[in-house]
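Take a look at the structure set out below.
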Amino acid sequence: MNYTHLTQEERYQIYALLREGFSKRHIALRLECAPSTICREIKRNRNRNAYFAQHAHKLAKTRHNSNHKTVDPAVWKQVKSYLALQSSPEQIASHIAVSMHSIYRYIPQDKIKEGHLYQHLRFRSQRKRKYGHPETRGKLNNRRSIHERPQIIHQRSRFGDLEIDTIVGKNHQQSLVSIVDRKTGYLWLKKCSTRKSQDVREATVDLLHPIKEELQTITADNGKEFSLHKQIADELGIEFYFADPYSAWQRGTNENTNGLIRQYIRKGSNLNDYSDEYIAEITYRLNHHPRKRLGFKSPSQVLLQEHGVALQMLI
């Protein structure tokens with residue numbers, strides 16, 4: 001088998017399988033490519049000592065772009081100010097005459113000179129599992145597969161098709177319930193004292209009940225914290241679906257948003273150290289942050305423009 005360029009979806013598969021402890025040879029068999037392809041991909045496109053799909057794909061695209069031009073120092077001063085405000089290179093490039101690839105090249109050069117710009121980038125933490133350990137989260141009863149979802153959900157043409165996940169705190173003792181709308185990217189975030197299914201159910205219903213009439217579907221991963229999915233679906237009047245195992249890309253909106261949240265709450269943090277007010281501030285910032293796929297509008301802007309008064313309480 002010859003080496004070929006990997007797609008973004010294949011990189012998400014690599015990321016998900018690595019998280020679950022599978023070997024590079026096993027991943028190569030799953031992707032039907034040579035083990036050397038997987039080894040080369042991880043070695044060339046990893047971030048520090050870990051591999052993240054989104055970062056790897058951006059790095060690969062940047063490497064293929066060999067064009068380089070000198071940028072005025074005044075422009076770099078603007079770039080630095082935007083980075084300090086925690087804007088991504090892609091968002092900065094939409095406002096300043098410099099490509100995001102140039103920004104990504106500039107940041108490691110700054111780090112070599114003992115600069116601190118790299119600290120403003122959104123690095124997603126990786127949950128490590130020991131190799132050879134099987135999946136222990138168990139099977140969920142009455143689980144409806146993502147493949148049963150209506151085709152319209154894939155089009156992102158309506159508000160109310162949601163993705164849900166939990167972000168784990170220190171020693172897996174606390175969690176954040178993270179819910180994102182697929183169309184607008186609007187985020188709901190709430191802290192739970194545990195990861196137990198009852199706490200996750202209560203947080204989910206509490207967050208979404210005010211707009212239950214607007215909701216359509218919700219899609220989760222296969223964690224045991226969603227074992228009360230039928231109760232959630234009944235209380236909110238929506239359809240509940242589950243992604244395939246090791247398929248994080250099937251909930252890409254949620255995965256990407258969780259990466260943004262990790263910019264404010266690092267992996268291993270004790271969530272009890274963060275107040276509800278701080279969680280609300282994170283939610284507000286992300287909901288008012290411009291997104292490329294929204295034409296650099298914020299989720300709140302899109303939500304207000306398309307749903308008006310009915311959802312103004314959330315803006």
query: Going by the structure shown, is Lys43 outside the structural domain of Lys111 (by TED's automatic domain parsing), part of a helix (DSSP H, G or I) and under 16 Å from Leu121 (Cβ atoms)?
result: no
- line: Note: among Arg25, Arg11, just one is loosely packed, with under 15 Cβ neighbours inside 10 Å, in a helix (DSSP H, G or I) and modelled with pLDDT of 85 or more, namely Arg25
query: Mind checking which residues of region 20-48 are more than 18 Å from Ala248 (Cα to Cα) and of a type in the set (Ser, Thr, Tyr)?
result: Ser36, Thr37
task: Quickly run through region 40-50 and pick out the residues that are within 24 Å of the chain's Cα centre (by Cα) and either free of Cβ contacts under 8 Å to residues at least 40 places away in the same chain or at positive phi (or both).
output: Glu41, Ile42, Lys43, Arg44, Asn45, Arg46, Arg48, Asn49
query: Give me the pairs: first residue in region 286-302 and free of Cβ contacts under 8 Å to residues at least 40 places away in the same chain and not assigned by TED's automatic domain parsing to the domain that holds Tyr82, second residue in a helix (DSSP H, G or I) and buried (at least 19 other Cβ atoms within 10 Å of the Cβ), beta-carbon distance under 6 Å, and six or more apart or on different chains, which are they?
result: His288/Ser300
field: Failed item in (1) buried (at least 21 other Cβ atoms within 10 Å of the Cβ); (2) assigned to a helix (DSSP H, G or I), with Glu213 passing the rest
entry: (1)
task: Would you check if there is a residue in region 178-201 being outside any loop (DSSP other than H, G, I, E, B), under 27 Å from Arg291 (Cβ atoms) and out of contact with any helix residue (DSSP H, G or I) (no Cβ under 7 Å at 6 or more places or on another chain)?
output: yes
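The values are calculated or read from the model by the stated rules, or taken from the named source; none is laboratory data. In this text, all values refer to a predicted model and were calculated from it rather than measured experimentally. Quick reminder, even Gly has a Cβ in these numbers, built from the backbone with ideal geometry, and neighbours come from all protein chains shown.
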